[in-house]
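The values are calculated or read from the model by the stated rules, or taken from the named source; none is laboratory data. Computed from a predicted model, the values in this text were never measured in an experiment. Methodologically, a virtual Cβ is constructed for each residue, glycine included, from the backbone with ideal geometry; neighbour enumeration extends over all protein chains shown. For accessibility, only protein heavy atoms count, side chains too; no ligands or nucleic acids. Shrake-Rupley method; radii C 1.70, N 1.55, O 1.52, S 1.80 Å.
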Amino acid sequence: MNAALLYALVIILVFVNLLLFMLYLSSKRNPYSVVYDEETKSALKRRVTNLKEELEDELVDFDVEEWEKELEESIDEEVKNL
């Protein structure tokens, strides 16, 4: 009984090690990191910078009090419709 249990444990451990080794080789061949060329990097940086500037401009124009008033009106209308 002990020998059979030990034999099964060894087989399971060998199988797990083989599986882990295959996963390791797979990750070495196909890394998840993406390498961009300089042109793509600069284009992405420009796009992010433009989006950041647009967001900052919108935040400057954003009026919290007006938004709260519109939200309250919207909630009141929804309550009336119920």
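Things worth noting here:
- Residues that are of a type outside the set (Asp, Glu) and open to solvent by less than 100 Å² (accessible area, probe 1.4 Å), drawn from the range 62-74: Val64, Leu71, Ser74
- Qualifying residue in the range 47-56 (condition: outside any helix (DSSP H, G or I) and not basic (Lys, Arg)): no
- Some residue of the range 14-33 being over 23 Å from the mean Cα position of the chain (by Cα), surrounded by fewer than 10 Cβ atoms within 10 Å (Cβ to Cβ) and of a type in the set (Gly, Ala, Ser): no
- Residue in the range 5-19 that is aromatic (Phe, Trp, Tyr) and not in a helix (DSSP H, G or I) present: no
- Out of Leu59, Leu44, one residue alone is surrounded by 10 or more Cβ atoms within 10 Å (Cβ to Cβ) and within 27 Å of the chain's Cα centre (by Cα). It is Leu44.
- Condition check for Tyr36: among the hydroxyl-bearing types (Ser, Thr, Tyr), open to solvent by 100 Å² or more (accessible area, probe 1.4 Å) and at pLDDT below 85: yes
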